[in-house]
Protein chains: 2
Amino acid sequence: MTTHDQLVTKLKRAHTLGTVAELLGWDEQVNLPPDSSDVRAEQLAVMAEAQHAAATDPEIGRLLGEIETQISALGSQPSHKATAGTATRSTSIADSDQMVIVRHARRDYDRATKLPADFVREKATHSSQAFHAWAEAKARDDFASYAPFLEKHLALARREAELLGWGDRPYDYAIDKHDPGLTAAQITTLFAELKLGLVPLVREIRESRVRADLGLLHDFPVESQRVFLREVTERLGFNYRRGRIDVSLHPFCSGTGADIRMTTRFDADRPLRSLFGAIHETGHGLYEQGLPRVHLGTALGQAAGMAAHESQSRLWENQVARGRAFWQFFEPRFRALFPAQLAAVSSEALYLAVNAVQPTLIRVDSDEVHYNLHILLRFELEQKLFSGALAVRDLPAAWKALCAELLGQTPANDREGVLQDVHWSGGGFGYFPSYCLGNMMAAQLWATIRRARPGLEEEFARGDFSGLLGWLRENIHAHGRRFDTLELVRRVTGVELSPQPLLGYLRERYGGLYLK
Amino acid sequence: MTTHDQLVTKLKRAHTLGTVAELLGWDEQVNLPPDSSDVRAEQLAVMAEAQHAAATDPEIGRLLGEIETQISALGSQPSHKATAGTATRSTSIADSDQMVIVRHARRDYDRATKLPADFVREKATHSSQAFHAWAEAKARDDFASYAPFLEKHLALARREAELLGWGDRPYDYAIDKHDPGLTAAQITTLFAELKLGLVPLVREIRESRVRADLGLLHDFPVESQRVFLREVTERLGFNYRRGRIDVSLHPFCSGTGADIRMTTRFDADRPLRSLFGAIHETGHGLYEQGLPRVHLGTALGQAAGMAAHESQSRLWENQVARGRAFWQFFEPRFRALFPAQLAAVSSEALYLAVNAVQPTLIRVDSDEVHYNLHILLRFELEQKLFSGALAVRDLPAAWKALCAELLGQTPANDREGVLQDVHWSGGGFGYFPSYCLGNMMAAQLWATIRRARPGLEEEFARGDFSGLLGWLRENIHAHGRRFDTLELVRRVTGVELSPQPLLGYLRERYGGLYLK
């Protein structure tokens, strides 16, 4: 075995242990008997330890050093910075398979080894405690009891950034963990431009007399919902020979393309929620299934980042499945499965329900027009928390004020305000921006694909989604983590990531429905 | 932490890794998408490696040595042999918690560390290849293609015994792996006595004019079967807050009492098979759920052996659930769920179907009267294979001859003969006797319990199985692996393990039905 092959073997071993832990997580949400969570916690702890040991195996460090010396002797440095700036000039070297694998392996290895075991343990313990504190605080609408946990999480996040050499830019480090290469400054610019176009659009739609009927759909038997959902996701291209969908409290997608485990939830009176939830997870699943299987366990078999991942789920959920062409094909089948429930529902009323716009205080219930405003709010508050401009104790008031400004509504309590999301309770800072960046990227990809395949929506209307999937496979999935998010967008769409395609898409779709 | 606590922590860690691997196995049978077996194989291999590393952690050896020195200084040796002979004399020392844990930990540690890594890998690889060779040979009824694999498995089994100091008694070692302390000589004596009583009973029943109608039950909807099965197993005492039941091709029970995963299979025309399969697995599950949770991961939280395990599944399946008192309670509910299907079925016909006796060539389809003959056959052949009295190439002929002698039927081919069971393809020698020993033990426990609780069957007729479960919890489950199988039987029933209670039970139940 060459040095590189030895490295890859080590990386794959650590990755495989991670996939086992992930399956335990899936099983916990889908199958775990109610009183068995104690044993699952023990299993997860032991697996985390085993995975950490595999990822910090000194042999990985030795192999990396050896390969880097070889590369260096060839006259090129596999450093992250060198690549980002020179990607367009010298892709053949910096973006070669080996260089990509080594660059990311070095980054991951350093991050895993530079954190002292004590720190890792303290953070894990605190995350577990903070999660329970958050759940209880939310149930009792008692932010004050949770505030110390959030403060400690912020302190831990700053300390982690410091330990890894990002002490002067802790929030940039938090972002980089989810979307390598992106910075808060870049996101600030993108979000400011988005806000400029989005706020007037939201106002116009709100003032429209067109209203979707949110109480239109009732009594959709779960078994038939399941049938429809399966038909839809299968036709979109999800490979059920390497994946499955089950039911859990909150929908998610886990696993790798070799074995994808998605979930959804069913409600007889909210059939569209189950359907679009499942399509969203299918978008994630299709991305994972499209990553080069032979590279699973290395950066080439890994998604480019969270924004790219979210771009895939949103593109299928929104651009595709909320579009007229999609419903042109699926509406007859939907009516065949639910003839009584849809008897009095016109096609236009159904399509409006699919694209209902309705402000809500809750991010996860939000329509795609309002959704990005929820992210702008969180991004602004996270930045202020990290800069010190905002103290944790002042967070609820700041949330309410910003909510009023952006959404035109003020939460009556912290349950539907600052306590609504789970992310921060696990120390998950810098994650929220990815959702909005994913929406931007989805719209920009969508515009590019429509130009590249002018007959795309006719294909959808015939129930053929393979053209789109093939395009995504080739232009996004096949690259794995070869390019950072911004570089990937540049290469695929020919221009820099911008909020304009998203604004254009929203105005086209929702303007057509609400601003006639 | 004391040295003992440190040891227990290490043992529990290895155990927990084992439970993760077991969950992967369950998921493979229940959930795995059809094309994902490649990734599951990788996950299982990595977990086997991690588990082996944890079980052979040199720190375990050091801690064991230290504790053994301490114990030795106290004037007692925690050796296996010393205990077996002196158990009745000095239980307070040899059977103390610490001694039991240390004795078994030493045995397991030696077995895990004395096998060279090369040997372990060779055996694992061969098992995988032999399994596929067996499956193919069975499909094509081609024993000759499988014979070399079986020969190699025998050679590996002998080599393993030799490496562990059992070179002169390789088959005893194979038995000891499943039922610590038992020998082929002891089993030979027990089986000979059983055969003496069983053969005439089988002949009498076969000559009876009473016949169960095997085609009595049809079109039992799976959903209602599921409801009935859940009600039954719940009432027998299975704790669904720490376990679940799902569907797989072959029924099994996996996991620990902290999270039991059982499976069954459904067939609309064979409702009793699903039901009794599930009750059998429930018996295993109740044992695991009854083991002291605090000791999970040590010998005190582990079943006494395979025979003891099988005694629990058989007792619930046969002595309890094929009995009149059980049906007195459950028949009305069964009829309420399947009124049309049972309209023309009398209570007596139903009870006879529950206790149908019908010779078959296939062990897993066998009734409980014939079942033990299938085991006698396998035990005799295994002994001859190990002694060298029988060559692998002569196995099919020997199987057929013995089949004719014991079952009065001759397989037309090897698919329904020597190729029917999976066990040997994985090197699982010495496992079959446990089934029959379990049947003996179940009957002997049953006789003891009925003496101890004269009103037991009246309790069953009222749907109350808690008295039986409580007795088993106290007399069997609570002990874990504190006593070897034979010692456990002696302590609980007051006499040595014997086939007479089994013969008495079979004659009582089946004589009453067939020999009136």
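The dipole here belongs to chain B: it is taken about the Cα centre, uses +1 on the Cβ of Lys and Arg and -1 on the Cβ of Asp and Glu, and is about 1000 debye. Per-residue mean of foreign Cβ neighbours for A:5-13 is 1 (Cβ atoms of other chains, 10 Å radius).
Partners of residue B:516 within straight-line reach, counting lysines whose Cα lies under 27 Å from its Cα and excluding those fewer than 8 residues away in the same chain: B:195. Here the dipole of the stretch B:331-424 is about 140 debye; that uses its Cα centre as origin and unit charges on the Cβ of Lys and Arg (positive) and Asp and Glu (negative). In units of the compact-protein estimate 2.2 N^0.38 Å, the stretch A:395-458 shows a Cα radius of gyration of 1.66. A straight line joining the Cα centroids of the stretch A:198-273 and the stretch B:439-472 runs 52 Å.
Per the rotation superposing chains B and A, the chain B residue found at the smallest beta carbon distance from the axis is B:50, 3, distance in Å.
Restricting the calculation to Cα atoms, every distinct pair contributes to the Kirkwood radius of the stretch B:145-286, found to be 19.3 Å.
Put in order of Cβ neighbour count within 10 Å, fewest first, the listed residues B:35, B:108, B:27 become B:35, B:108, B:27.
Highest mean packing first, where packing is the average number of other Cβ atoms within 10 Å per residue, the peptides B:255-268, A:347-360 line up as B:255-268, A:347-360. In summary, the lysines within cross-link reach of residue B:384, defined as a Cα separation below 17 angstrom excluding same-chain residues under 8 places away, comprise B:152, B:400. Grouping the Cα pair distances of chain B into 10 Å bins from zero gives a pair-distance distribution of 3, 17, 28, 29, 17, 5, 1, 0 percent in increasing distance order.
Looking at chain B alone, DSSP beta bridges between its own residues are antiparallel in about 45 percent of cases. Scaling the Cα radius of gyration of the protein assembly as shown by the globular reference 2.2 N^0.38 Å produces a ratio of 1.07. Less than 5 angstrom separates the built amide H of residue A:302 from those of A:481, all sequence-distant by 5 or more or on a different chain. Per-residue mean of foreign Cβ neighbours for A:21-28 is 3 (Cβ atoms of other chains, 10 Å radius).
Each peptide in A:234-240, B:315-321 gets a packing score, the mean of other Cβ atoms within 10 Å over its residues, and the list from highest to lowest is B:315-321, A:234-240. Taking K and R as +1 and D and E as -1, what net charge do the other residues with C-beta under 15 Å from the C-beta of residue B:60 add up to? Once all neighbours under 15 Å are counted, the net charge is +2. In the protein assembly as shown, taking the dipole from charged Cβ atoms about the Cα centre, the farthest positive-side position among A:98, A:355, B:285 is held by A:355. With the label put 7 angstrom out from Cα along the Cα-to-Cβ vector, residue B:239 ends up 4.2 nm from the copy partners, going from closest to farthest. Note on residue A:114: lysines with a C-alpha under 17 Å away, same-chain residues under 8 apart excluded, are A:123, A:177. Only helical runs count toward this figure. For chain A, summing -39,500 (n - 2.57) over DSSP H runs of n ≥ 4 and dividing by all residues gives -21000 deg cm²/dmol at 222 nm. Charge dipole (Cα centre; +1 on Lys/Arg Cβ, -1 on Asp/Glu Cβ; no other charges) of the stretch B:115-245 amounts to roughly 400 debye. The H on the amide N of residue A:246, modeled in the peptide plane, is under 5 Å from the matching H of A:262, A:263, A:264, each at least 5 residues off or on a different chain.
If you count, for each residue, the other Cβ atoms within 10 Å and average over each peptide, how do A:428-441, A:186-199 line up from highest to lowest? Walk me through the numbers before you get to the answer.
Details: A:428-441: 25.2, A:186-199: 17.1.
Order by mean packing, descending: A:428-441, A:186-199.
The numbers here are math on the coordinates, done by the rules we state, and not lab data. All of these numbers come straight from a predicted model, not from anything done at the bench. Note that each Cβ is placed from the backbone with ideal geometry, even for glycine, and that neighbours are counted across all protein chains shown.
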